[in-house]
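Peer 1: Encoded as structure tokens, here's the structure I'll be asking about.
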Amino acid sequence: MGFLKKFKDKLGIGGVKVELKVPGQVAKDSGIIEGTVVLTTKSEQEVVDITVQLLEEYATGRGDDKEEKEFELGEVKIPGGFSIAPGDTKEVPFSLPFNLVKSNADDLKEMGGALGTLGKLGKFANNEKSSYFVDAECDVKSAALDPSDKKEVKLV
């Protein structure tokens, strides 16, 4: 029975479940996202730490010329060092500071006037699109595959 429990723990079966609670929209100029990481489990587990990141998935081009990049805009590491028992729910609040990365077309667009129009055209021609995600990963002592959750947020 002990072997099966160790095997399940390593794969994260019946282990810690991570759920992110973040707002759907965040003001770009606020520079901070407030949220909560909710942890539940079906077996006794020890949490080492929790890492929360804001990621930007940036895509340009169309068809075969499409390129995708991922940028880390902010990260916060929350120390764990606590155990969570079956049936318990642990809510861990966080404040995630972030800095946006702007493309050349974004910089031109913000200038306004003729240069702003040029920036808008450049952004449209390159088919620039950005999606933003908050990602939380919980480092569990006994698990080889750490549980995580990812939620999309709109920066307005």
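Peer 1: Pull up region 121-151, narrow it to residues that are surrounded by 14 or more Cβ atoms within 10 Å (Cβ to Cβ), under 23 Å from Asp29 (Cα atoms) and not small (Gly, Ala, Ser), then point me to the one that is modelled with the lowest pLDDT.
Peer 2: Selected residue: Lys123.
Peer 1: Which one is farthest from Gly87 (Cα to Cα) among residues in region 22-54 that are of a type in the set (S, T, N, Q) and under 12 Å from the mean Cα position of the chain (by Cα)?
Peer 2: Per the criteria, the residue is Gln53.
Peer 1: Against the condition touching a residue at least 60 places away in the same chain (Cβ under 8 Å), farther than 13 Å from Asp135 by Cα and charged (D, E, K, R), how does Lys17 come out, does it pass?
Peer 2: Spelling it out, Lys17 is indeed touching a residue at least 60 places away in the same chain (Cβ under 8 Å), farther than 13 Å from Asp135 by Cα and charged (D, E, K, R).
Peer 1: Pairs under 6 Å by beta carbon, first residue under 15 Å from Thr51 (Cα atoms) in region 72-93, partner charged (D, E, K, R) and surrounded by fewer than 16 Cβ atoms within 10 Å (Cβ to Cβ), six or more apart or different chains?
Peer 2: Every condition considered, the pairs that remain are Lys77/Asp49; Pro79/Asp49; Gly80/Asp49.
Peer 1: What is the one condition in (1) surrounded by 13 or more Cβ atoms within 10 Å (Cβ to Cβ); (2) out of contact with any Leu (no Cβ under 6 Å at 6 or more places or on another chain); (3) at pLDDT below 55 that Met1 does not satisfy?
Peer 2: The number of the failed condition is (1).
The values are calculated or read from the model by the stated rules, or taken from the named source; none is laboratory data. Not measured: the values here are computed from a predicted model. No Cβ is skipped: glycine too gets one built from the backbone with ideal geometry, and neighbour counts run over all protein chains shown.
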